[in-house]
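Reviewing the structure listed below.
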Amino acid sequence: MSSKRDYYEILEVVKSAREDEIKKSYRKLAVRFHPDKNPGDPEAEERFKELGEAYDVLMDPNKRAAYDRYGHAAFQQGRGPGGGGGGFHDPFDLFREVFSGGGGGGIFEHFFGNAQDRADRYRGSDLRYDLEISLEEASAGADKEIEIRKLETCEACEGTGAQSGSKIITCSVCRGQGQVVTSRGFLQMAQTCPNCRGSGQVIEKPCSSCRGQGRREKTSRLKLRIPAGVETGFKLRVPNGGEAGLRNNSNGDLYVVVHVARHSFFERDGHELHCEVPIPFTTAALGGEIRVPTLYGETIAKIPAGTQNGTNFRIRQHGMPIYQGSGKGDLFVRVKVEVPTRLNPVQRKKLEEFAELCESDNTPIHKSFYEQIKDLFT
Ligand SMILES: [Zn+2]
Ligand SMILES: [Zn+2]
């Protein structure tokens, strides 16, 4: 009888081990038993081969499922004990027999599919759509209409894939079961029926418009409501908005991923907005009011006398609305003091008079700066 060791035991992992755990353990053990590290040690060589085989099986979800169910019998090659007739059969051969003539797919594909698996397989694919919106749209919320090309249920045959008048008949190969079961010795193999691909039914005459697929690619328009306050990366799920299911099974979902475009004036940081507003140096010195554009219309900000370049002013509740919350974030206005580049003779004269009147106390930062570095000038 087979004295093969258990694959999980060989890899020193538990039966519920995840792929990364198996991989990690394999790496460790393969290094330990590598023939280069153990020259002339037949036991290490055997262990190394064993590891490779176990790894190969457990890293393949289908092979692993087969192994969990049948143990080594699932992969036994050729002759069984006693040799020749009866006894063991190569399960690979069994699969090939069942599959011969059937369309595509790996040997292990759809291994032991049940009704739920079939429903999942016939469900339409989920789709993703990337949608760019402006900052204004993100702040107010927006109604958008998108155009999307996807597989939709064929109207001519209403998704059945059958030409009108053509009947849908029970598959004669699996007698409507969707699976073919083959028994050999103690092995029982269930496989998706290659004739009806698991549906249990076949079409007498396929629909000419969709060639029996039941679906056709179409462009459709879809209205979306983007809620206020969303940020880049926000996902809007549209249930059933994905591809149509096969044979009238359920549709996939559509995921609309929102990207908020950069704004020419406002910079966004979560709920906060930032912007820069230039102000005349006289306003900075004398104080006054400045007009500030916001996403919600113009507002007036008071600037105190003696405002320095780069000072930030907070305007409450003028940032982005809080998604699924109440209120808004704040708007921060950074002032940029503008020095006049050209002066007419009158202005120049007045400024010169002003300069003569200036004392060092008028510019304390300037004064302390030169006090700090005065040693450098000696
Ligand atoms: Zn059709
Ligand atoms: Zn069938």
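When only residues in the stretch 263-295 that are touching a residue at least 24 places away in the same chain (Cβ under 8 Å) and under 30 Å from residue 237 (Cα atoms) count, which is surrounded by the most Cβ atoms within 10 Å (Cβ to Cβ)? Looking at residues that are touching a residue at least 24 places away in the same chain (Cβ under 8 Å) and under 30 Å from residue 237 (Cα atoms), I get 273. When we screen 247, 221, 184 for residues that are out of contact with any strand residue (DSSP E or B) (no Cβ under 6 Å at 6 or more places or on another chain) and in the same structural domain as residue 137 (by TED's automatic domain parsing), the only hit is 247. Checked against the criterion of being more than 28 Å from residue 71 (Cβ to Cβ) and within 16 Å of ligand 1 (Cβ to nearest atom), the candidates 158, 147 yield just one match: 158. Listed by first and then second residue, the pairs linking a residue in the stretch 323-343 that is among the basic types (Lys, Arg) to a residue that is outside any loop (DSSP other than H, G, I, E, B), with Cβ atoms under 6 Å apart and 6 or more places separating them unless they lie on different chains, are 328/321; 334/276; 334/312; 336/276; 336/278. If only residues of the stretch 149-205 that are in contact with a His (Cβ under 8 Å, 6 or more places away or on another chain) and surrounded by fewer than 17 Cβ atoms within 10 Å (Cβ to Cβ) are counted, the one that is nearest to residue 121 (Cα to Cα) is 187. Assuming residue 247 fulfils every condition listed in (1) modelled with pLDDT of 95 or more; (2) surrounded by 13 or more Cβ atoms within 10 Å (Cβ to Cβ) apart from one, which condition is it? With (1) modelled with pLDDT of 95 or more; (2) surrounded by 13 or more Cβ atoms within 10 Å (Cβ to Cβ) applied to residue 247, the lone miss is (1). Of the residues in the stretch 222-232, at least one is modelled with pLDDT of 95 or more, more than 16 Å from ligand 2 (Cβ to nearest atom) and among the hydroxyl-bearing types (Ser, Thr, Tyr). Find all pairs meeting these conditions: Cβ atoms under 6 angstrom apart; at least six residues apart or on different chains; first residue within the stretch 21-33 and free of Cβ contacts under 8 Å to residues at least 60 places away in the same chain; second residue of a type in the set (D, E, K, R). Between residues of the stretch 21-33 that are free of Cβ contacts under 8 Å to residues at least 60 places away in the same chain and residues that are of a type in the set (D, E, K, R), the close pairs are 25/12; 33/47.
Let's see how each residue does on (1) assigned to a strand (DSSP E or B); (2) free of Cβ contacts under 8 Å to residues at least 24 places away in the same chain:
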{"residue": "191", "(1), (2)": "yes, no"}
{"residue": "224", "(1), (2)": "yes, no"}
{"residue": "229", "(1), (2)": "no, no"}
{"residue": "237", "(1), (2)": "yes, yes"}
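Somewhere in the stretch 296-314, is a residue among the hydroxyl-bearing types (Ser, Thr, Tyr) and surrounded by 17 or more Cβ atoms within 10 Å (Cβ to Cβ)? Yes, some residue in the stretch 296-314 is among the hydroxyl-bearing types (Ser, Thr, Tyr) and surrounded by 17 or more Cβ atoms within 10 Å (Cβ to Cβ). All conditions in (1) charged (D, E, K, R); (2) surrounded by 14 or more Cβ atoms within 10 Å (Cβ to Cβ); (3) away from ligand 1 (no atom under 16 Å from the Cβ) hold for residue 221, with the sole exception of (2).
Of everything in the stretch 197-218 that is under 33 Å from the mean Cα position of the chain (by Cα) and farther than 30 Å from residue 143 by Cα, the residue that is nearest to ligand 1 (Cβ to nearest atom) is 210.
Residue-by-condition table, conditions (1) among the small types (Gly, Ala, Ser); (2) part of a helix (DSSP H, G or I); (3) modelled with pLDDT of 85 or more; (4) not assigned by TED's automatic domain parsing to the domain that holds residue 65:
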position	(1), (2), (3), (4)
101	yes, no, no, yes
106	yes, no, no, yes
113	yes, no, no, yes
146	no, no, yes, yes
150	no, no, yes, yes
174	no, no, yes, yes
180	no, no, yes, yes
188	no, no, no, yes
195	no, no, no, yes
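The values are calculated or read from the model by the stated rules, or taken from the named source; none is laboratory data. For clarity, every value in this text was computed on a predicted model and none was experimentally measured. All Cβ positions, even for glycine, are placed from backbone atoms using ideal geometry, and neighbour counts span all protein chains on display.
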